[in-house]
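First comes the structure, then the notes that go with it.
The values are calculated or read from the model by the stated rules, or taken from the named source; none is laboratory data. Worth saying up front: this structure is predicted, and the values here are computed from it rather than measured. Note that we place each Cβ from the backbone using ideal geometry, even for glycine, and neighbour counts take in every protein chain shown. When the accessible area is computed, the model is the full protein with side chains, heavy atoms only, and any ligands, DNA or RNA have been set aside. Shrake-Rupley method; radii C 1.70, N 1.55, O 1.52, S 1.80 Å.
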Amino acid sequence: MKQVRPYPHVIVTRKAARSLAGGHPWVFEGEVLRLEPSPADGRVAENGDVVDVFEENGTWQGAGLLSEQSKIRVRIVTRNANDRVDEAFWRRRAQWAWAHRRTAMGGRSLPGAEPDTNACRVVFSEADGFPGLVVDRYENVLVAQVGTFGMDRLRPTVYAAVLDALHADGQDVTALYERNDTPSRAKEGLPLEKGWWDGPGVSVPESPRVMVCENGLRFDLDIENSQKTGFFLDQKYNRRAVRELSAGRRVLDCFCHVGPFGLNAAAGGAELVRCVDVSQTAIDLARENARLNGLDARMDFTCANVLDYLPELAHDRRRLREEGGPFDLIVLDPPAFTKSRGTVSHAARGYREINYEALRLLPRGGYLATCSCSQHMTRDLLAKAIAEAAHQANVQLKQVEERQQAPDHPILWGFSESHYLDFFIFQVV
């Protein structure tokens, strides 16, 4: 690289350089050999700054954001030496991110329903070149989460870039809520906080409740207190797949959260849907969402720990009948059983157990929709756990579909962390 760039330097190991060359955008703390000042003006890097990354032999590897307190010391944002990481850079990134959603989802909405881009992930962190930033759209409200020091410093710039990209496309977005209360912020030395962003181009609504439409169904969301940013948008098309199987069936929706799988099953013509979640708050919201959509006559709700509930139904046929069983379609959408590689074996046992208990309840010809939302529980590990569950339950499975996260949560090859959701549908034969 012949031109003199204005950024301080980070010199990394050969191992780090190989990883970066393979497409992975992270440099870890132990891979940093030293920091050097900018050759242009002698400026020393500060926390959150843009830095140029070099292998010790002088090969330029890319430019990224420095995080002094994180084990992920640098997150690469570009491998193009002609890029200047300025306001125009982030505006281009925001435009590309929105253009991808328009292309991948703009023509897939259900007949007579709202555009799929009315409720979608607009920015998916590293997969869209915004390390540590997630932005979800719920109708006219954006909900943002920032998890890295560099992106936190850039909030005014990147928020404006995302809003302008949407406004330029004629999208009616009027407010932005920050859910910067994730534990990962503590690892970056950032405070935990949440509330409306009062920057230019947006208003400050009185309530954090948002009415959103997805797959033609209405959901009343609490973006201040619900999990993540208020909803699980990554399952949008997987919920449609369950809807297509539901006509005339009795459906058990486990780990139902605010009811999106159950509502899709009911909308698809299910005879009965039983929604189960350990959170009474989630159950109350799910019940209200059923009422909003006129589906409450065919839906019922149980507040229970699914890990105890499924074995109880298997052992007590009277309770099974009271809950609306026997069921011939069961949906398992559990929270991530592992958030680290060190607990994968324990998580695998958990996935095996819940799938075993579900398969014990299903008759021959019944359907199981099951998934994992943990990046560490890879597709092959999940498939192995399901196969072991089927063997233990003495049933054979016929695969109907294998799916992943929706395309507004793009998978960046070379960055396995962006692939975190695997979803299977089986028939018991």
When the stretch 376-410 is examined, which residues are found to be under 22 Å from the mean Cα position of the chain (by Cα), crowded, with 17+ Cβ neighbours inside 10 Å and assigned to a loop (DSSP other than H, G, I, E, B)?
HIS376, MET377, GLN405, ALA406, PRO407, ASP408, HIS409, PRO410
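Based on what the data block shows, is VAL258 closer than 23 Å to HIS409 by Cα, modelled with pLDDT under 95 and crowded, with 23+ Cβ neighbours inside 10 Å? Walk me through it before giving the result.
Values: closer than 23 Å to HIS409 by Cα: yes; modelled with pLDDT under 95: yes; crowded, with 23+ Cβ neighbours inside 10 Å: yes.
Against the criterion (closer than 23 Å to HIS409 by Cα, modelled with pLDDT under 95 and crowded, with 23+ Cβ neighbours inside 10 Å), VAL258 qualifies.
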Please find, within the stretch 2-21, the residue that is most open to solvent (accessible area, probe 1.4 Å) out of those that are within 25 Å of ASN47 (Cβ to Cβ) and in a loop (DSSP other than H, G, I, E, B).
VAL4
Could you please find all residues in the stretch 50-105 being surrounded by fewer than 19 Cβ atoms within 10 Å (Cβ to Cβ) and of a type in the set (S, T, N, Q)?
ASN57, THR59, GLN69, THR78, ASN80, ASN82, GLN95, THR103
Sort out which residues of the stretch 217-248 are in a loop (DSSP other than H, G, I, E, B), surrounded by fewer than 19 Cβ atoms within 10 Å (Cβ to Cβ) and modelled with pLDDT of 95 or more, and write them in order of number.
ALA247, GLY248
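In the stretch 290-302, how many residues are without any contact (Cβ under 8 Å) to a residue 60 or more places away in the chain and either touching a Phe, Trp or Tyr at 6+ places or on another chain (Cβ under 9 Å) or more than 25 Å from ILE425 (Cα to Cα) (or both)? Outline the logic, then answer.
The first filter runs over the stretch 290-302 and keeps only residues without any contact (Cβ under 8 Å) to a residue 60 or more places away in the chain, leaving 290-291, 294-302.
This time we only want the ones that are either touching a Phe, Trp or Tyr at 6+ places or on another chain (Cβ under 9 Å) or more than 25 Å from ILE425 (Cα to Cα) (or both), so: 290-291, 294, 296-297, 302.
Selection size over the stretch 290-302: 6.
Whether any residue in the stretch 329-341 is over 20 Å from the mean Cα position of the chain (by Cα), open to solvent by less than 60 Å² (accessible area, probe 1.4 Å) and touching a residue at least 60 places away in the same chain (Cβ under 8 Å) is what I want to check. Step through it out loud before you land on a result.
Taking the stretch 329-341 and keeping what is over 20 Å from the mean Cα position of the chain (by Cα), we get 329-330.
Narrowing further to those that are open to solvent by less than 60 Å² (accessible area, probe 1.4 Å): 329-330.
Now drop any that are not touching a residue at least 60 places away in the same chain (Cβ under 8 Å), which leaves 329-330.
Yes: one or more hits.
Residue-by-condition table, conditions (1) modelled with pLDDT of 95 or more; (2) over 20 Å from ALA247 (Cβ atoms):
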site	(1), (2)
VAL306	yes, yes
TYR309	yes, yes
GLU323	yes, yes
PHE327	yes, no
THR338	no, yes
ARG341	no, yes
HIS346	no, yes
TYR356	yes, yes
LEU362	yes, no
Tell me which residues, restricted to the stretch 106-125, are touching a residue at least 60 places away in the same chain (Cβ under 8 Å) and surrounded by fewer than 20 Cβ atoms within 10 Å (Cβ to Cβ).
ARG108, LEU110, GLY112, ALA113, GLU114, ASN118
